[in-house]
Amino acid sequence: MIADSSFLVSLFLSEDVNHTRAKKEFLANEKHILIPISVFEETVNIFVYRRGITFCLGAINELLQNENIIIYYTDENEVLDAIELMSDNKRKMSLIDYEVAYFAAQKNEDLLCFDKQILSLTANLKRKKNS
């Protein structure tokens, strides 16, 4: 499983429209959850701006202490591949979103994500890879 910031924000922020769904999916998951470092950093920034540093540090601690969570450090080639994917697709998405879609397709992993564009691109990439 690969987590996107849309999922992580929903998981931790009770007022988020997808909070209940995120908690249910998180608790039902029995696999390791990879969080690309760029997604981790993006999520941390969102927490700081929405809830403050104390909340943010608590969320970081909770993620890092969970044995099913793995922070995935991308290498230069993976980032370059995501940039190439961005160039080929030209969807109005952030580089981080392209990285998430790329990783999920390349590793044939399911996504913990509520972003429809990422989900759509990932499904397209997996179809191409498996055809």
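Of note:
- Note on segment 11-24: residues that are in a helix (DSSP H, G or I) and not small (Gly, Ala, Ser) total 7.
- As a summary of the residue check, Ala59 satisfies the conditions (1) over 13 Å from Leu8 (Cα atoms); (2) in contact with a Lys or Arg (Cβ under 9 Å, 6 or more places away or on another chain) except for the one numbered (1).
- Filtered residue count, segment 25-37, keeping only those that are in a helix (DSSP H, G or I) and modelled with pLDDT of 95 or more: 1
- Criterion violated by Arg127 - all others in (1) at pLDDT 95 or above; (2) loosely packed, with under 11 Cβ neighbours inside 10 Å; (3) charged (D, E, K, R) satisfied: (1)
- Pairs, first in a helix (DSSP H, G or I) in segment 41-65, second surrounded by 14 or more Cβ atoms within 10 Å (Cβ to Cβ) and of a type in the set (Ser, Thr, Tyr), C-beta under 7 Å, six or more apart: Glu42/Ser5; Thr43/Ser5; Ile46/Ser5
- Residue list for segment 66-94, filter: among the acidic types (Asp, Glu) and assigned to a loop (DSSP other than H, G, I, E, B): Glu67, Asp75
- Answer residue from segment 68-112, given it is under 11 Å from the mean Cα position of the chain (by Cα) and of a type in the set (A, V, I, L, M) and is surrounded by the fewest Cβ atoms within 10 Å (Cβ to Cβ) among those: Ile71
The values are calculated or read from the model by the stated rules, or taken from the named source; none is laboratory data. The structure presented is a predicted model; accordingly, all values stated were derived computationally and were not measured. Glycine gets a Cβ as well: all are built from the backbone with ideal geometry, and neighbour counts include every protein chain shown.
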